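In what follows, a structure is listed as C-alpha cells, so that the remarks can point back to it.
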Amino acid sequence: MTVKFFAYLRDPDYAGCREITWPGCADVLQLGRELSTRFGQKFHDEFFAEGETELGERVIVMVNGRRVEFLSGIHTPLRDADLIQIFPVVAGG
Amino acid sequence: MNNGYVGTILRVNLKTGTILKEPLNDKNADEYVGARGLGTKYYCDECDPKCDPLGPDNKLIFMTGPLTGTAATSAGRYNAVAKSPLTGTIGAANSGGHFGPELKYAGYDGIIFEDVSDHPVYLYISDDTVELRDATHLWGKDVFETTDALNEECGSNFRIACISAAGETGCLFAGIMNDKHRAAGRGGIGAVMGVKKLKAVAVKGTKSIFVAHPEKFFEVCMDARAKLKAHPVTGAGLSAYGTMILVNIVNGVGGMPVANGRDGACYADADDISGESLTAKHLIRNKGCFGCSIGCGRLTEIKSGPYKSQGEGPEYEAGWSFGADCKINDLGAVCDANFMCNQYGIDPITMGSTIACAMELYEMGAIPEEDIGFPLRFGDAAAMVKATEMTCKGEGFGKIMGLGSYRMAEKYGHPELSMSVKKQEMPAYDGRAIQGIGLEYATSNRGGCHVRGYMISPEVLGIPLAMDPLVTEGKPALLKTFQDLTALCDATGICLFTTFGMGLPEIAGMYREAVGSDESDEEVLLKGERIWNLEKQFNVAAGVEKDTLPPRLLREKLPNGPAEGKVNELHTMLKEYYAARGWDEEGIPTKEKLTALKLN
C-alpha cells in the first residue's frame with residue numbers, strides 16, 4: 001500500500017518523507033503501530049490517542065479518500081492496493 | 001460612546017460634494033450589529049432593490065463592526081456594501097488589514113457614498129478633517145501605484161483603500177483593495193466605486209474606541225486569544241502553511257474541481273501547487289492583519305524564471321482557480337497571476353474560473369482563436385498568465401473575460417458551462433464530492449461563495465465535528481446555523497477564521513462586553529439570522545434568480561476519485577433547508593418568520 005504524509009508530518013521529527021510504500025497491514029491500527037515503530041514516539045503520539053484505542057485528536061487518516069471515521073475507524077481493514085493519506089488537522093479557505 | 005461603536009457615520013454625496021457627519025442609528029446598530037449587517041441595513045433602508053448597480057442610485061457603504069479596532073482577536077475587518085453588478089444580489093465584501101480599525105480611530109463607524117462624481121476624487125480623512133480631493137492624477141494607476149502616491153501625498157501613516165483601472169473601466173469582478181494586498185474582493189464592488197469616480201479613501205485617526213465593560217471585555221478577549229493559540233489550526237497550522245494547506249486534503253477527498261469541473265475533482269499534480277510546496281519554495285514569511293494572532297497571510301517570492309515576482313498570497317481559492325481549475329501545475333505561474341490580481345484589484349476566484357471556462361469553450365471550439373488572439377488550452381501556464389494580464393488591463397478578449405464567466409459563456413452560447421451561482425463563480429470545492437458545500441453555494445445570498453457558511457469545515461476538516469461529505473443528512477440544519485453564525489461574526493468585525501478555534505460563546509461574549517448587552521448567546525445569534533433574512537429579503541425584491549447550481553453539478557456524474565458517480569443532491573437538501581429557515585417551499589421568507597425577526 002502507499003502511505004502519504006502531509007504538512008508537518010513530512011518533517012524529520014515525524015515521517016521525514018512525503019510518501020512510502022508499506023507492506024501489507026491488516027488494518028489502520030496495525031499500520032499506525034508499524035509506522036510508529038519506524039518513525040518514533042512523536043509520530044506515535046500524533047497518530048494515536050492514549051491507549052491506542054482511537055486516532056489522535058490532531059490527525060486525519062483517509063483510506064482511498066474516505067476518512068476512517070466513516071469506515072470502521074481504527075479497525076478499517078486495509079488492502080495492498082490502498083492509498084492511505086495522513087494529515088494533521090488543517091483548515092483554511 | 002462606550003459601547004464599541006464610535007458613534008458617527010460619514011455621508012458623502014459625490015455629485016454635490018456635500019459631506020455630513022450624522023449620528024449612528026443606535027437601534028439599527030443594536031439589531032444588525034455592524035459591518036456586513038449594519039451596512040446592509042443602511043443600504044436596504046435607502047436604496048431601491050431594482051436599482052442599476054452601475055447607476056447613480058446604487059450607494060456604496062463602508063462599515064465597521066463594534067469589535068473592529070478593539071482588543072478582540074483578529075478584529076481588523078470592515079465590509080463594503082452595495083448592490084453587486086456581477087450578481088444583482090446584495091453585495092457585502094469583507095476585508096481585513098488595517099483600514100477598518102483606522103476608520104474607527106478617525107471617529108467613524110462607516111461611510112455612505114451617494115451618487116456619482118463628475119471627475120475622479122478621493123476621500124481624505126484625518127480625524128475631524130474630511131475632504132473630497134481631486135484624483136485625476138491617480139486615475140488609471142494600479143493599486144500599488146495609487147497607494148504609494150497617496151501615502152506620499154497624505155502621509156505614510158495613512159491607510160488606503162482604492163481601486164485600479166479594472167474598477168474604473170467596469171470589470172464586473174473588480175474589488176476594493178486596502179493596505180495594498182487585502183481585498184473586499186467579491187461581487188464587483190470595486191466597479192461600483194469606479195462608476196462613482198471614487199478612486200480611494202485615505203484615512204488616519206488618533207482617537208480611541210471605548211467599550212462598555214473594559215475589564216470584563218479584556219478578560220473575554222484574552223480567553224478567546226488563548227483558545228485560538230491552543231488550537232492546532234489557529235495556533236500553528238494556518239501561520240505555518242497558510243490557507244494553501246487545503247490543496248492536498250480537499251484533493252484527497254476528491255473535491256477539488258479540475259478543468260472547470262469537466263475532468264472531475266482529483267488533480268494528479270495537486271502537490272505541486274500545495275501549501276507544502278509554497279512554504280518550501282516561495283515563502284518569505286507569514287503576515288497578519290490588525291490584532292491577529294493567527295497570521296495566515298503569505299509574503300511570497302518567485303525568485304527566477306518567467307514569473308519572477310513578489311507579492312502576497314495566494315490563498316487556497318486563488319491557488320485552485322489558477323492551478324487545478326486551469327490544469328496548471330506551475331506554482332510560479334499561479335503566484336504571478338495572483339499577484340497581478342492584487343496589483344489590479346480583481347477577484348482571483350472569478351478570474352481563474354473565468355479563464356478555465358474560456359479554456360473549455362476554446363477546446364470545444366465554441367470560442368474561436370481569433371477572438372482570444374492566441375490558443376487558450378488547459379495546462380498552458382503562459383496563456384493563463386496572459387489571459388489574466390489582459391483582463392486586469394481591460395485589453396482585447398480581457399474585456400469579455402472581465403464580465404465574468406457567465407456573461408462570457410452566454411455570449412458564446414454555453415451559459416451552462418459557467419461554474420457560477422447567480423453569476424458569481426463557485427470557489428475551490430466540488431459540490432458533487434462535498435454535498436453540503438453545494439447547498440451552501442446554491443443558497444448563498446451573494447452567489448457562488450464559500451465564506452457564507454463554510455461547510456468544508458465539518459465535511460472535510462472535521463471542525464467542529466466530522467460529517468461524511470458524501471451524504472446529505474444533517475447538512476441543511478447545520479448550514480443554517482453556520483450561515484447565521486457567519487453573518488454574526490462578519491457583523492462584529494472579527495475574522496471568520498477565528499471560528500476554526502472558537503465559537504458562539506466567545507464571539508457573543510466579546511460582543512456583549514463591548515456593547516454592554518446582557519443578551520444570551522442565542523439572542524446574539526438571532527441577530528445573525530436577522531441579517532441573513534434581510535439579505536434574502538433584498539434579493540427577493542431585486543428579482544434575483546432562484547437557488548440552484550450549474551447543470552454540471554446536478555447532472556454530470558464525477559468521473560473519478562472517492563466520489564466517483566456522484567452528483568449534488570440539491571433537490572433533497574433544499575426543501576429541508578427552507579423548512580429549517582422557516583421559509584416557504586419557493587425559498588421566500590414567510591411573514592411569520594419576518595415578524596419574528598422584526599423585519600416587517
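The values are calculated or read from the model by the stated rules, or taken from the named source; none is laboratory data. The shown structure was predicted, so the numbers you read here are calculated from the model rather than taken from an experiment. Don't worry about glycine lacking a Cβ; one is built from the backbone with ideal geometry, like all the others, and counts go over all protein chains shown. The protein model used for the area step is the full one, side chains on, heavy atoms only, and it has no ligands, DNA or RNA in it. Shrake-Rupley method; radii C 1.70, N 1.55, O 1.52, S 1.80 Å.
For A:D82, the residues whose amide H sits under 5 Å from its own are A:T2, ignoring neighbours fewer than 5 places away on the same chain, with H placed 1.01 Å from N. Interface between chains B and A: roughly 2000 Å² of accessible area buried, both sides summed (probe 1.4 Å, protein heavy atoms only).
The mean accessible area for residues of the stretch A:2-88, using a 1.4 Å probe and ignoring ligands and nucleic acids, is 48 Å² per residue. Rolling a 1.4 Å probe across the protein heavy atoms gives the stretch B:303-393 an accessible surface of 29 Å² per residue.
Relative to the current alpha-carbon distance between B:E131 and B:I588, full extension at 0.36 nm per residue lengthens the span by 160.2 nm.
Using a probe of 1.4 Å, the accessible surface attributed to B:L549 totals some 10 Å² when neighbouring protein chains are kept in position.
Normalised radius of gyration for the protein assembly as shown, please: alpha carbon Rg relative to 2.2 N^0.38 Å, two decimal places.
Compactness ratio reported: 0.91.
Here the label points at B:D48 and A:A81, each 7 Å from Cα along the C-beta direction, are separated by 6.5 nm in the simple model.
Report summary: the helix-based calculation at 222 nm, which adds -39500 (n - 2.57) for every DSSP H run with n ≥ 4 and divides by the residues of chain B, gives -11500 deg cm²/dmol.
Distant-in-sequence amide contacts of B:V421, defined by a placed amide H-H separation under 5 Å and a gap of 5 or more residues or a different chain, comprise B:M426, B:G448. Restricting the GluC sites (Glu not before Pro) of the stretch A:15-93 to loop positions (DSSP other than H, G, I, E, B) with no more than 13 neighbouring Cβ atoms within 10 Å leaves A:E57.
Of A:C17, B:C162, the order by accessible heavy-atom surface (1.4 Å probe, DNA, RNA and ligands excluded), from most exposed downward, is A:C17, B:C162. Rounded is the label for chain B, because the ratio a/c of its alpha-carbon gyration tensor axes (a ≥ b ≥ c) stays below 1.5. Spread over its residues, the convex hull of the C-alpha atoms of the stretch B:248-326 is 104 Å³ per residue. Residue by residue, the stretch B:540-552 carries 3J(HN,Hα) couplings of 4, 5, 7, x, 5, 4, 5, 6, 7, 10, x, x, 4 Hz when phi is fed to the Karplus relation 6.51 cos²θ - 1.76 cosθ + 1.60 (θ = phi - 60°); x denotes Gly or Pro.
Listed values for the stretch B:516-522 are Karplus-derived 3J(HN,Hα) couplings in whole Hz (6.51 cos²θ - 1.76 cosθ + 1.60, θ = phi - 60°), namely x, 9, 10, 5, 6, 3, 5, and x replaces Gly and Pro. Computed over protein heavy atoms with a 1.4 Å probe, the accessible surface of the stretch B:508-600 works out to 47 Å² per residue. Over the stretch B:64-169, Cα pairs under 8 Å with separation of 6+ residues give a relative contact order of 18 percent. Across the stretch B:8-204, the relative contact order, built from alpha-carbon pairs under 8 Å that are at least six residues apart, equals 22 percent. Taking amide hydrogens as placed 1.01 Å from N in the peptide plane, the amide H of A:I60 sits under 5 Å from those of A:F87, A:V89, each at least 5 positions away in sequence or on another chain.
Heavy atoms only, probe 1.4 angstrom, no DNA, RNA or ligands counted: give me B:K411, A:K42 ranked by accessible area, highest first.
Details: B:K411 125, A:K42 100 Å².
Descending accessible area places them as B:K411, A:K42.
Computed from the C-beta positions of B:D30 and B:E369, the FRET efficiency with R₀ = 45 Å rounds to 0.20. When all protein chains stay in place and ligands, DNA and RNA are ignored, the 1.4 Å accessible-area order of B:K281, B:K308, largest first, is B:K308, B:K281.
For a straight C-alpha distance cut-off of 26 angstrom, the lysines reachable from B:K227 (same-chain residues fewer than eight places away being disregarded) are A:K42, B:K216, B:K287, B:K480, B:K527.
FRET efficiency for the pair A:D13 and B:E219, taken as 1/(1 + (r/R0)^6) with r the Cβ-Cβ distance and R0 = 30 Å, rounds to 0.25. When a 1.4 Å probe is rolled over the protein heavy atoms, the share of accessible surface on the protein assembly as shown that falls to carbon and sulfur comes to 50 percent. Using the Stokes-Einstein relation with a Kirkwood hydrodynamic radius computed over Cα pairs, the translational diffusion coefficient of the stretch B:242-420 at 10 °C and a viscosity of 1.306 mPa s comes to 98 µm²/s.
Volume per residue of the convex hull around the Cα atoms, evaluated for the stretch B:146-224, comes out as 141 Å³. Across all directions, the shadow cast by the convex hull of the stretch B:194-323 built on its C-alpha atoms averages 13.1 square nanometres. In the stretch B:8-204, the ratio of gyration radius to Kirkwood radius, Rg to Rh, stands at 0.92 when only Cα atoms are counted.
Between B:A477 and B:N151, the simple label model (points 7 Å from Cα in the Cβ direction) yields a spacing of 5.1 nm. How much of the calculated P(r) for chain A lies past 16 Å, in percent of all Cα pairs? Counting pairs separated by more than 16 Å, the tail of P(r) holds 49 percent.
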